[in-house]
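A short reminder: the numbers here are calculations on the coordinates, not readings from a lab. These figures come from a predicted structure and were not determined experimentally. Reconstructed Cβ throughout: ideal geometry from the backbone, glycine too, with neighbour counts over all protein chains shown.
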Amino acid sequence: MPEVLKAPLAVEFPFTRSLGPVQSAFLTGLRERVVLGVKTVDSRTLVPPVEYDPVTAEELRDLVEVAPTGTVTTWAWNHHPRRGQPLGTPFAWVLVRLDGADTALLHALDAPGQDAVHTGMRVRVRWAEERTGAITDIACFEPYDGEPAQRTGHTGEFEDAVTGIVAAARLDYTYSPGRAQSAYLHALSGRRTVGERCPSCRKVYVPPRGACPTCGVATSEQVEVGPRGTVTTFCIVNIKAKNLDIEVPYVYAHIALDGADLALHARIGGMPYDQVRMGLRVEPVWTEGARFPDHYRPTGEPDAEYDTYKELL
Amino acid sequence: MTREIREIAVVAFAQTGHRRTSEELSEVEMLMPVLHDVLARTGLKAGDIGFTCSGSSDYLAGRAFSFTMALDGVGAWPPISESHVETDGAWALYEAWVKLLTGEAETALVYAYGKTSPGDVREVLTRQLDPYYVAPLWPDSVALAALQARALIDAGLTDERELAAIAARSRTAAAANPHAQLRGATPPGDPLVAPLRTGDCPPIGDGAAAVVLAAGDTARRLCDRPAWIRGLDHRIEAHSLGVRDLTDSPSTRLAAERAGAFELPVDTAELHAPFTSQEVVLRRALKLDLPGAEEVRINPSGGALAANPVMAAGLIRLGEAAARIQRGESDRALAHATSGPCLQQNLVAVLEGDAQ
């Protein structure tokens, strides 16, 4: 078996989320160094506050201020902080019931070591220096030896309330494409296009994914196809893609390589975009050092008859 | 609930050998042998199946719509009757069970797979948390389980010695399970997120599993001793961790009640507890700690502490319980599956074999 191909793959999104009225008040409050809860019908105060009662599902809107001090209800010592977590040095994850609240908030507690942490200990909010209206406006909690802090008497009404958050999320992977696609990529690096034949229906899949979607069985017999092929269908791209150095308009086509039973897709070059047509015969154009064809160009052969590729549309 | 309901059974179960990495295989390449295996056990062909339902999560491997690629492995063209859940395959089994109850299908293929090796599963699972108040802090799955473990220890419901014993019992049992990733007792290990040690946590690995469900006489024809699903229910906790009592699992208890788990004793319980401390919660919720329940075999497969292919580990609990009934080693078994942080969502099934 050839070596397993691997490549880094980062999936990254700046998720933009709008806030309900209770979430908006809570996060705006954090920006202003005020902690708000919400009262339920049975007079419990939920912190962090939610839009709907977790027991009855009733809409909740009755905001009430709680103190930035509270009590640890459970904790866990994080020996090795990970990317994105609130503190870069070992810390305690804590659930904290703030003074005036009936439920607990998850956050980090900055403490010198796990011997300094216990359930029932008193803590207070350490505010972030720059606050934007997000849960991270609480930098963390810190040990606190004192009475419940005074509340400001805030009503929960704010000028310039935040209405949304942008939550950046990035996950890093090491992608490996599996047996069939690895073999395909290995062959392609030698400028050969190698598909796989289904042992049951005899169709040749290019690129191969390792299974025949009709028969549900593994494909394994390797079959070299192409290099020439036929345009089965195409579109004209008029919008320039970011970070893509190709002049618009250009043609993107489905190409059935000779011997393949599935069309792959690629760009068509080497002729004016408005002369590309179904049935056009094309061949790959390679650039030095590339692992796949840069584009396909006309071969000059007569066009293929429709009947020869209609099953591949 | 006196209405006569259709009899549905698990008639076959198959799974991969679960491993730390399957990097030489794509998802469908990992899954396909399991699909072929489970069908071969019934003599059915893919085209004979009335309904297909799968469970997986694109976030594990970081590939959008990866479940559609996996469908190649069942021969989904021309289009079959099919559905997918973005959670553990136990919930796919629930959907298939409902489909069979409606009478719209006689047989169902349920499968699940998880390839956690391409990413960092502790980080990936943070993305299922409340996106406003929790996910921006990136609390990983071990950290949240550790908060639950501490709450149990503080409440006097367990201690580190008992947790280590649960880990040892599970992995010792897994020595007899050729599919398990950790087979044989492991040392408690170093603290990972205290109070949890590495030994309290599940192995990280890749794997897949599949079951076939069938109704009534079809089940009897396909299997010598079908594992009849006598009850199946799933329930959820409030999503905010700070609202919950982390030492208890009312959702598991309610699901078990609705599934009829407490009507008669069970002899086997396959519990989906990825962390040792979660088994403590589940045993309490399911009344497996009460006098008289000492005889119940808990996780004879080794459970998720021995193999935890995420998105498949819950379905495997149902499959292992059913396989035990099919082998005549159990007459009435409880199977449980969970999803989400700190046992957020829980599914309970009661399976029975006909009198031997």
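In the neighborhood of B:H18, defined by Cβ-to-Cβ distances under 12 Å, what is the net charge if each Lys or Arg adds +1 and each Asp or Glu adds -1? List each step's numbers first, then the result.
Values: positive: B:R19, B:R20, B:K115, B:R183; negative: B:D206.
Net local charge, B:H18 excluded: +3.
Relative contact order of chain B: 25 percent, from C-alpha pairs under 8 Å at least 6 residues apart in sequence. Here is the size of the protein assembly as shown from its Cα atoms: Rg then Dmax, 28.1, 90 Å. The base-10 log of I(q)/I(0) for chain B, evaluated at q = 0.09, 0.12, 0.15 Å⁻¹, reads -0.44, -0.81, -1.30 [Debye formula, identical scatterers on Cα atoms, solvent excluded].
Computed over the Cα atoms of the range B:203-352, what is the convex hull's projected area averaged over all directions, in nm²? The partial results should precede the final answer.
Details: hull surface 35.2 nm².
The number I arrive at for the range B:203-352 is 8.8 nm².
Ranking of A:Y306, A:Y205, B:Y132, B:Y111 by neighbouring Cβ atoms within 10 Å, starting from the fewest: A:Y306, B:Y132, A:Y205, B:Y111. In terms of its Cα atoms, the range B:58-191 spans 55, 43, 31 Å along the principal axes, sorted from long to short. If eta is 1.306 mPa s and T is 10 °C, what Stokes-Einstein diffusion coefficient results for the range A:213-313, Kirkwood Rh from Cα pairs, in µm²/s? The Stokes-Einstein estimate is 108 µm²/s.
Please average, across the residues of B:115-125, the number of beta carbons from any other chain that are within 10 Å of each residue's own beta carbon, and give a whole number. Walk me through the numbers on the way to the answer.
Numbers: counts 3, 0, 3, 8, 7, 6, 0, 1, 8, 4, 0.
Mean partner shielding for this stretch: 4.
Pair-distance distribution of chain A: all C-alpha pairs, bin width 10 Å, starting at 0; shares per bin in whole percent are 5, 18, 19, 12, 9, 17, 15, 4, 0.
Where a ≥ b ≥ c are the square roots of the eigenvalues of the C-alpha gyration tensor, would you call the range A:178-225 rounded, which needs a/c under 1.5, or, failing that, prolate if a/b is larger than b/c, or oblate? In terms of gyration-tensor shape, prolate.
Of all the options B:T252, B:T172, B:T102, the one that moves most in a Gaussian network model of chain B with Cα springs shorter than 10 angstrom is B:T102. Based on C-alpha pairs under 8 angstrom that are at least 6 apart in sequence, the range A:226-313 has a relative contact order of 30 percent.
Which whole-Hz couplings ³J(HN,Hα) result when phi for each residue of the range B:31-48 is put into the Karplus expression 6.51 cos²θ - 1.76 cosθ + 1.60, θ = phi - 60°, listed in order with x for Gly and Pro? With coefficients 6.51, -1.76 and 1.60, one gets 7, 4, x, 5, 4, 5, 4, 5, 5, 4, 5, 9, x, 7, 9, 3, x, 7 Hz. If you run the Gaussian network model on chain B, springs between alpha carbon atoms under 10 Å, then out of B:P250, B:P187, B:P309 the most flexible one is B:P187. Spatial offset of the range B:31-83 relative to the range A:201-222 amounts to 15 Å, using the alpha carbon center of each.
Radius of gyration (Cα atoms) of the range A:130-205, expressed as a multiple of 2.2 N^0.38 Å: 2.55.
Normalised by the residues of chain A, what does the relative contact order come to in percent, with Cα pairs under 8 Å and at least six apart? Provide the component values of the computation, followed by the final result.
Working: 702 pairs, mean separation 45.4, N = 313.
Once normalised by length, the contact order is 15 percent.
Counts of other chain beta carbons within 10 angstrom of each beta carbon in peptide A:205-214 average 5.
Near B:G231, the amide H atoms lying under 5 Å from its own belong to B:V350; only residues 5 or more places off or on other chains count, and H is placed 1.01 Å from N. The calculated 222 nm mean residue ellipticity attributable to helices in chain B amounts to -9000 deg cm²/dmol, summing -39500 (n - 2.57) over DSSP H runs of n ≥ 4 and dividing by all residues. The radius of gyration of the Cα set in the range A:1-145, together with its Dmax, comes out at 18.2, 66 angstrom. Between the helical axis of A:178-189 and the longest alpha-carbon principal axis of chain A there is an angle of about 50 degrees. Residue-wise HN-Hα couplings along the range A:69-85, as the Karplus relation 6.51 cos²θ - 1.76 cosθ + 1.60 with θ = phi - 60° gives them from phi, are 10, x, 10, 6, 9, 7, 8, 8, 8, 9, 5, 10, x, 10, 3, x, 6 Hz; Gly and Pro carry x. Around the amide H of B:T268, modelled in the peptide plane, lie the amide H atoms of B:R297, B:R332, B:L334, all under 5 Å away and 5 or more residues distant in sequence or on another chain. Here the sum of -39500 (n - 2.57) over DSSP H runs of 4 or more residues, divided by the residues of chain A, equals -2500 deg cm²/dmol at 222 nm, to the nearest 500.
Its alpha carbons considered, the range B:307-356 gives a radius of gyration followed by a Dmax of 12.1, 40 Å. Across the range A:18-26, computed HN-Hα scalar couplings (Karplus, 6.51 cos²θ - 1.76 cosθ + 1.60, θ = phi - 60°) run 7, 10, x, x, 6, 4, 4, 5, 4 Hz from first to last residue, x flagging Gly and Pro.
Roughly how many Å is it from the Cα centre of the range B:219-263 to that of the range A:117-184, as a whole number? Each part's Cα centre sits 34 Å from the other's.
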